[in-house]
Each structure stands twice: as structure tokens, then as C-alpha cells.
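Asker: A single structure is presented below for examination.
The values are calculated or read from the model by the stated rules, or taken from the named source; none is laboratory data. This is a predicted model, so every value here is computed, not measured. Counting neighbours? That spans all protein chains shown, and the Cβs are built from the backbone with ideal geometry, glycine included.
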Amino acid sequence: MNPQQPDDEVVRYEVQGPVALVTMQRPEYHNAQNSRMTYALDAAFRRACDDDEVKVIVLRGAGRHFSAGHDIGTPERDIHQSFDRASLWYDHVNKPGGEFLYAREQEVYLGMCRRWRDIPKPTIAMVQGACIAGGLMLAWVCDLIVASDDAYFADPVVRMGIPGVEYFAHVHELNPRIAKEFLFLGERMGAERAYQMGMVNKVVPRDVLEDVTLDMARRVAQMPRLGLQLTKQAVNNAEDLMGKRATMDMVFGLHHFAHAHNELVSGDRLGGYDARGMADSQRRTEA
């Protein structure tokens, strides 16, 4: 692991009884996910899986927002750094053309999210404030989502000419027509509508979000471990039989065609957007 920054500075791990709390800690950047955070999350989830006393895992973000998505512009963006990889994909650094992002995102985005979706223990996302683009991927891999009443969800990357984030679960989290609206407009979906669409399990006032989430986690933890694992496996397998995994593989290819097209046309894989530009464009559109 790159020694530049200890993992505990970007992800905090703690245990309360049968519940492990995994907290993203880049609040100054609204928990934007650089590679260091992604690998630190993977290490925290592995730690929770290895602990037989842990029955349920809660994922949350420090500060005002759950996660503003992938890091596309902070001073600590580390896209060109090598890390000890979690899969058998080769290192992306110094690879030419489209191979650079394709190899990286197979590892840190699609690959990591699929690993986390298949964690053999129930996971709960505790979402406040923004849950945007890459933030959706973190929430969607969790089995349950509890949101504060000020939470909102958005995937605005169609503005980059890209068909949604890499972990393309949109048509499983939302029905197809709502998924198209969500993507075509790229606008914020409030917590209440997300609940009505079946994407969120519960919406509560911000000041009781932690209490309600931990109460739910403790109640889930009363179930037998194997029963929880087998139930999770059954539902996840049913989703895959409905095409979830195949859809992601197909859209991942389209996603990287879009990156390559952007680079050929404009010289920028993201179509000229950084984090500030994306946020500004969303505000202008919604105004």
C-alpha cells in the first residue's frame, strides 16, 4: 500500500457489539472517493468479514454528505498511483490509451463494488446529504439503505456523454422509465421519492439517522448468521438471473467506449468536466 497516507485517515473502522461501522472520512471533499479511500474501504469490509462477532456492517460518511462520488478533482486525486490490488487485474499505471481507465475501473469500481455486494454479511448504507454518481455505487451495493430526509441522489454523468456510473444498477434500483428520467435529466432525486421508488428502505429526520440505522442493524443481527448469508445469496442470485450482472458487463463496455470517444474528440476522458464543473452544471440545470 502506498505509504503516503494511513488508511485510518480516510476510513474509520469501529465495532459496537455485533455491528461494524465503516466511516468514510474525507468530509472536506464531501467524501469523494479516491483510490486510497476505495482500498481502505475494501480493507475495512474484509476486517468485518473476518470478525465472527460482527453480524452486520453499516457504511456511512462523515460530515454533511454521504459521498459526492468519484474523486475527479481534489488535490489528493491519485488516479496515476499504483496500489496493492484486490483482484487479479494488472496495474493500470502507464498503460496506453483506453487500457489505462479500463484496467483501473475493472479493479476499483466495477470489481470492488461487486466484491462488496457479495459480502456474506448484511450491509446497511446510512445516507445523509449528497449521494451522487460514485456515491450511488456505494449505497447500492448495500442490502438496505436508510436515508435522512435531506438526502438526495443523482447520476449526472450523462453530461459527460457517459451512460451512467460503472456499477450500472439503475434499472434494478428503479423501474426502467424512472431510470431513464434519472439519467436523462441528471437531476437530484430526494429521499422521499427514492423511498417511493423502492430504492430506499426508510427515510428519517437527520438528527435520528444514526439511532434508527443502528437500531435496524442490531435487530438484523439477532438473526442467525448462516440464515442471513443464505437469504442474501438467494436475493442476489435472483437479481443476477434477472440480468443485473450481464447488464453491468454490457454497460461497462459502453461506458469505456464513451471515455475513449471523449478523449478522441476533446482530449479529455471526462468530456471537459471536473468536480466543480459538474456541480455547477447541475445547479444551472436545476435552476
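Asker: Restricting the search to segment 53-88, which residues are more than 19 Å from the chain's Cα centre (by Cα) and without any contact (Cβ under 8 Å) to a residue 40 or more places away in the chain?
Answerer: Glu53, Pro75, His80, Leu88
Asker: Then there is this: Select from segment 203-232 the residues that are under 24 Å from Val171 (Cα atoms) and either assigned to a loop (DSSP other than H, G, I, E, B) or hydrophobic (A, V, I, L, M, F, W, C) (or both) and list them in ascending order.
Answerer: Val203
Asker: Let me ask something else. Scan segment 110-139 for residues that are outside any loop (DSSP other than H, G, I, E, B), closer than 26 Å to Glu187 by Cα and touching a strand residue (DSSP E or B) at 6+ places or on another chain (Cβ under 8 Å) and jot them down.
Answerer: Matches in segment 110-139: Ile124, Ala125, Met126, Val127, Ala130, Cys131, Ile132, Gly134, Gly135, Leu136, Leu138, Ala139.
Asker: If you don't mind, there's one more thing I want to ask. So if I check each of Val165, Val158, Val200, Val171, which one is of a type in the set (Val, Ile, Thr), in contact (Cβ under 8 Å) with a residue 12 or more places away in the chain, within 25 Å of Tyr102 (Cα to Cα) and not in a helix (DSSP H, G or I)? If you could, list the steps in order and put the result at the bottom.
Answerer: Numbers: Val158 fails: not in a helix (DSSP H, G or I); Val200 fails: within 25 Å of Tyr102 (Cα to Cα); Val171 fails: not in a helix (DSSP H, G or I).
Exactly one of Val165, Val158, Val200, Val171 is of a type in the set (Val, Ile, Thr), in contact (Cβ under 8 Å) with a residue 12 or more places away in the chain, within 25 Å of Tyr102 (Cα to Cα) and not in a helix (DSSP H, G or I), namely Val165.
Asker: Right, another one. Criterion first (closer than 19 Å to Leu214 by Cα, out of contact with any Phe, Trp or Tyr (no Cβ under 6 Å at 6 or more places or on another chain) and buried (at least 23 other Cβ atoms within 10 Å of the Cβ)) does Ala133 satisfy it?
Answerer: Taking the combined requirement at face value, the residue does not satisfy it.
Asker: When only residues in segment 23-37 that are touching a strand residue (DSSP E or B) at 6+ places or on another chain (Cβ under 8 Å) and in a helix (DSSP H, G or I) count, which is nearest to Arg104 (Cα to Cα)?
Answerer: Met37
Asker: What pairs can you find where one residue is in segment 215-233 and β-branched (Val, Ile, Thr), the other is exposed (fewer than 15 other Cβ atoms within 10 Å of the Cβ), and their Cβ atoms are less than 6 Å apart, with a gap of 6+ or different chains?
Answerer: none
Asker: Continuing with the same structure: Return the residues of segment 92-115 that are surrounded by fewer than 21 Cβ atoms within 10 Å (Cβ to Cβ) and farther than 20 Å from Glu263 by Cβ; say none if nothing qualifies.
Answerer: Selection gives Gly111, Arg114, Arg115.
Asker: Keeping to segment 219-243, report how many residues are touching a Pro at 6+ places or on another chain (Cβ under 7 Å) and among the basic types (Lys, Arg).
Answerer: Looking only at that region, the number is 1.
Asker: Still on this structure, please answer the following. Just to be sure, is Tyr102 of a type in the set (Ser, Thr, Tyr), modelled with pLDDT of 95 or more, in a helix (DSSP H, G or I) and closer than 16 Å to Asp42 by Cβ? Step through it out loud before you land on a result.
Answerer: Details: of a type in the set (Ser, Thr, Tyr): yes; modelled with pLDDT of 95 or more: yes; in a helix (DSSP H, G or I): yes; closer than 16 Å to Asp42 by Cβ: no.
Judged against the criteria, Tyr102 is not a match.
Asker: Considering only residues that are out of contact with any Phe, Trp or Tyr (no Cβ under 7 Å at 6 or more places or on another chain) and either surrounded by 22 or more Cβ atoms within 10 Å (Cβ to Cβ) or aliphatic (A, V, I, L, M) (or both), which ones fall in segment 21-41? I'd like the intermediate steps shown before the answer.
Answerer: Quick first cut of segment 21-41, residues out of contact with any Phe, Trp or Tyr (no Cβ under 7 Å at 6 or more places or on another chain) only: 21, 23-30, 32-34, 36-38, 40-41.
Passing the criteria: Leu21, Met24, Arg26, His30, Ala32, Gln33, Asn34, Arg36, Met37, Thr38, Ala40, Leu41.
Asker: If Glu107 satisfies every condition in (1) assigned to a loop (DSSP other than H, G, I, E, B); (2) at negative phi; (3) at pLDDT 95 or above but one, which is the exception?
Answerer: With (1) assigned to a loop (DSSP other than H, G, I, E, B); (2) at negative phi; (3) at pLDDT 95 or above applied to Glu107, the lone miss is (1).
Asker: I'm trying to understand the selection: among the residues of segment 213-230, which are surrounded by 15 or more Cβ atoms within 10 Å (Cβ to Cβ) and either among the small types (Gly, Ala, Ser) or touching a helix residue (DSSP H, G or I) at 6+ places or on another chain (Cβ under 6 Å) (or both)?
Answerer: Scanning segment 213-230 gives Ala217, Ala221.
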